[in-house]
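These notes concern the structure reproduced below.
Values quoted throughout were computed directly from the atomic coordinates according to the rules given, and no laboratory measurement underlies them. Quantities reported herein were computed from a predicted structural model and do not represent experimental measurements. No Cβ is skipped: glycine too gets one built from the backbone with ideal geometry, and neighbour counts run over all protein chains shown.
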C-alpha cells in the first residue's frame, strides 16, 4: 500500500539523517542548536501567518451548525450549547469541542448487513482514541516543559506525579506514554484496516502518524531501554531557552534523532492538516451564534450601496412621469 509505505520510508530516512550526521560526522551542533532554532522559527512564523490569513477572510453568511432547539418562544426550552444564541454559549461550544470532542462523541457508523440492509450504530472508538491521543500528547508536552526551568514549577511537578502515580517500576512508568502509543497505533490501524478509510486517506494523513509514533517510540526507548542521561539534555534545553548557542554536551545519538523528528514535526505543522489546532477557533460553523433571526448578519463582501429617496427619484424623472400621465407629488 503505497499511501502508507511512502510516508513510512520518509520517516525512516529522516531518522537516519541525524543518526549518521551525529554518529559519524560529528554534527551535534547542527542538530542540537541550528535546526531546533530554525524549526521553532518556522513553526511560530508559519502558525501566525496561517492564523492571520484566516482572520482576514470574511464570513459572508451566518452558518453555525446546530443540532438542537434554537432560541424561540419563552416556553420552548432552548439547547444553549447545540444552538447558541449568544457569544458566551458559542465560545462554550467551541471550548467543549476543543477539550471534549463533543461532536465526535455523536459519531455514527453505517454498515451493510445481510445484503442491502443499511444499519446505523454508535461509534465511540474514534472519539475515545482521539481524546486519549490529544490529552496524552498534551500531558507529555507539559511534562517535558520541566527541561526548560531551573526550578520545576509546582504545577508541573504535580502533573508529573499524577502521571506516574503507579510508581512500581524504576524509572517510574508514565501512563501517558502507553496511552499515546496505543492511541496513535489505533488511529493508524483504523486508516489501514478500514477499506473506506483507505480510499479517502492520503500520504499526508499517514506521515504525521508515523512521525509522531517514531517520536513516541524513541522517547520511550530513551527512558526505559537505553537510559539517556537527562542532565546534558536539560543543559542543552536551558542553552536553547537562554540563547547561549553553546555546543551541546555528550548526549546519546538517539536523543538527536528524537529531537530532529520533533523539529521536522514543528516545520511540517503550519503547512499540514495539523493546523486544525488553531483553525477550530476560527471555524464559522462553530464560533458563530445562531441568532440570524434576531440580528442581521452583514456580508462584508457586499459593496456600499447608495440609496435614493423617492423625492430624488421623482426629481430626476418628473417630466417623463408627467408625459406618461403618472401621478407626481410635486408639480
### Ellipticity estimate at 222 nm from DSSP helix runs (n ≥ 4, -39,500 (n - 2.57)) divided over the chain, nearest 500
-18500 deg cm²/dmol
### Query
Roughly how many nanometres apart are two label points built 7 Å out from the Cα toward the Cβ at residue 88 and residue 308?
4.8 nm
### Query
Quick one: length gained pulling residue 2 to residue 148 fully straight, 0.36 nm per residue minus the C-alpha distance?
48.6 nm
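Computed FRET efficiency, Cβ-Cβ of residue 250 and residue 160, R0 25 Å: what is it to the nearest 0.05?
Efficiency, from the Cβ-Cβ distance: 0.45.
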### Percentage relative contact order, the chain, counting C-alpha pairs under 8 Å, at least six apart
33 percent
### Task
For the chain, find the longest principal axis of its Cα atoms and tell me its angle to the long axis of helix 310-323, 0 to 90°, nearest 10.
40 degrees
### Query
Most fluctuating residue of 64, 247, 84 in a GNM of the chain with Cα springs under 10 Å: which is it?
247
### Summary
Restricting to Cα pairs under 8 Å and 6 or more apart, the percent relative contact order of the range 93-192 works out to 24 percent
### Query
For the range 85-129, rounded, prolate or oblate, judged on the Cα gyration tensor with a ≥ b ≥ c (square roots of eigenvalues), a/c < 1.5 rounded, else prolate if a/b > b/c?
oblate
### Query
Measuring from label point to label point, each 7 Å out along Cα→Cβ, what is the residue 134 to residue 182 span in nm?
2.0 nm
#### Entry: Highest-MSF residue in the chain out of 125, 54, 75 [GNM, Cα springs under 10 Å]
75
### Summary
Per GNM of the chain with C-alpha springs under 10 angstrom, the most fluctuating residue out of 24, 224, 313 is 313
### Task
Could you state the angle between the C-alpha long axis of helix 175-193 and the longest principal axis of the C-alpha atoms of the chain, as a value from 0 to 90 degrees rounded to the nearest 10?
60 degrees
### Query
For residue 40 and residue 19 in one chain, what is 0.36 nm times their gap in residues minus the Cα-Cα distance, to one decimal in nm?
5.5 nm
### Message
Taking the 0 to 90 degree range and rounding to the nearest ten, how far is the long axis of helix 2-23 tilted relative to the main principal axis of the chain, both from C-alpha atoms?
### Response
50 degrees
#### Entry: Inter-probe distance in nm under a simple model that places probes 7 Å from Cα toward Cβ, at residue 120 and residue 224
4.1 nm
### Query
Nearest 0.05, what FRET efficiency do residue 74 and residue 292 give at R0 = 30 Å with Cβ-Cβ as r?
0.95
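Report the FRET efficiency, 1/(1 + (r/R0)^6), for residue 108 and residue 197, where r is their Cβ-Cβ distance and R0 is 22 Å, rounded to 0.05.
In this case the efficiency is close to 0.90.
Relative contact order for the range 144-283 using alpha-carbon pairs under 8 Å, separation at least 6, rounded to a whole percent? Working shown, then result.
Working: 76 pairs, mean separation 32.7, N = 140.
So the answer I get is 23 percent.
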### Summary
Rg (one decimal) and Dmax (whole number) from the Cα set of the range 210-309, in Å, equal 24.7, 83
